[in-house]
Amino acid sequence: QVQLVESGGGLVQAGGSLRLSCAASRSAFNMGWYRQAPGKERELVAVITSGGSTSYADSVKGRFTISRDNAKNTVYLQMNSLKPEDTAVYYCNVNTGRLYWGQGTQVTVSS
């Protein structure tokens, strides 16, 4: 069993920034962030492989940056130029051979 601890969500004005963190209790292959807005399906935001290759949803390219610290088994999501449409619950996801989800952290962007 892998434990994931997320932090960093909150309320921010449009144009602002937030940084999310997700610490895993063991090492993982791919690590990523998903989000789910009210009334919508959960969607992939960004993913990073153990080698550092990254992939982003088109809606966040150029604004969000995913990174990881393998020594700390932690993945980060730096979110800049936030928009109201970025408002959602953000979930950490890690693949250790099995998939695990974090508890979710609310990000609210006011206009």
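Values as computed for the structure displayed
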read-out	value
Residue-span extension gain [residue 26 to residue 1] - 0.36 nm each, minus C-alpha spacing	8.1 nm
Length added when fully stretched, residue 50-residue 72, from 0.36 nm per residue minus Cα-Cα	6.7 nm
Gyration tensor (Cα) of the chain, equivalent ellipsoid semi-axes in angstrom	22, 14, 12
Charge tally in the Cβ shell below 14 Å around residue 86, where Lys, Arg are +1 and Asp, Glu are -1, residue 86 excluded	+3
Within straight-line cross-link reach of residue 83, lysines at Cα separation under 23 Å, skipping those fewer than 8 residues along the same chain	40, 61
The chain - accessible surface per residue (Å², probe 1.4 Å)	52
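The values are calculated or read from the model by the stated rules, or taken from the named source; none is laboratory data. Small disclaimer: the values here were computed from a predicted structure and weren't measured. Reconstructed Cβ throughout: ideal geometry from the backbone, glycine too, with neighbour counts over all protein chains shown. Ligands, DNA and RNA are stripped out before the accessible areas are found, and what is left, the full protein with its side chains, is counted by its heavy atoms. Shrake-Rupley method; radii C 1.70, N 1.55, O 1.52, S 1.80 Å.
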